[in-house]
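The values are calculated or read from the model by the stated rules, or taken from the named source; none is laboratory data. Not measured: the values here are computed from a predicted model. Using ideal geometry, Cβ is built from the backbone for each residue, glycine included, and neighbour counts are taken over all protein chains shown. When the accessible area is computed, the model is the full protein with side chains, heavy atoms only, and any ligands, DNA or RNA have been set aside. Shrake-Rupley method; radii C 1.70, N 1.55, O 1.52, S 1.80 Å.
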Amino acid sequence: MPKTPITISWSGGKDSAYALFRVMETGAYDIRSLHTVFDSELKRVGLHGVHEHLIEVQAEALGIPLEKIYLPKDNSHEAYERVIKNFCMAKKEEGINHIMYGDIFLEDLKAYRDKQLSSAGMKGVYPIWKEDTQQLVEEFVADGFRTVVCAANAAMFDKEQVGKTIDAEWLNRLADGVDPCGENGEFHTFVYAGPVFRKRVDFRLGDVVEKSYEYNKKEDDGGLTPMKSSFWFQELL
């Protein structure tokens, strides 16, 4: 049977890497590319803070072509939707009708992705959807993947917990309420080794910096509540 062409939504983190691993294991897909969204000015991956160059090195180590999607300067939700729609339409013209995501249990995010894909006549593939996150991260480590924590919510993590490779000891230190896979955005990672890689991704640790973000949270009654969050970012060089 011919394999189904697919492109991989790639953040550089553990969930997209493990989902890719699952896709490869099926043997059912023709993996055409990875695609990553970067800030057009900073050349970094969203909340991960990982520089474009390291994503390029990852793709080379995987042996999969990398396609870059640059988010315009205004960094708005509308701008994001526009660039993703343009990307989807371009892939559709190439005969690619499927995109893989590493989402696990955020129903609203999956519904949003599926709505975007449906409008372009495409479908989402979710290899690790609804799996138990504790079991998932333990399997990830047991299967030989190595991932370093590149960003973490400062309200939930000490500065010393970023820049560490996830292992049993690190997982045992998680605060109550923190998802083991960070699926609620508690932390983000950069994968540098594992069975999907042809070679290890070389990097070194730079400084750890704290950055704060102000935003509005929409309440059930439609009102907006001002919010502020701080994250530790481990510079990877």
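Cross-link pairs exceeding 26 Å between alpha carbons, from the set K68/K123; K3/K91; K110/K159; K73/K217: K110/K159. On a per residue basis, the chain carries 52 Å² of accessible surface, using protein heavy atoms and a 1.4 Å probe.
The GluC sites (Glu not before Pro) of region 124-224 that meet both conditions, a loop assignment by DSSP and at most 14 other Cβ atoms within 10 Å of the site Cβ, are E219. The lysines whose alpha-carbon is closer than 17 Å to the alpha-carbon of K164, local same-chain residues fewer than 8 away aside, are K14.
Over the residues of the chain, the helix contribution to mean residue ellipticity at 222 nm works out to -9000 deg cm²/dmol, using -39500 (n - 2.57) for each DSSP H run of at least 4.
Volume of the convex hull of region 1-74 (Cα atoms only), normalised per residue: 83 Å³. Spacing of the modelled spin labels on E60 and A90, each 7 Å from Cα toward Cβ, amounts to 2.2 nm. Beta bridges from DSSP with both residues in the chain: antiparallel share about 60 percent, rounded to the nearest 5.
Based on alpha-carbon atoms, the Kirkwood radius and the radius of gyration of region 1-135 give Rg/Rh equal to 0.94. Here region 6-76 carries DSSP beta bridges of which approximately 15% are antiparallel, counting only pairs with both residues inside. Net charge dipole, the chain: roughly 820 debye, given to the nearest 20, about the Cα centre with Cβ charges of +1 for Lys and Arg and -1 for Asp and Glu.
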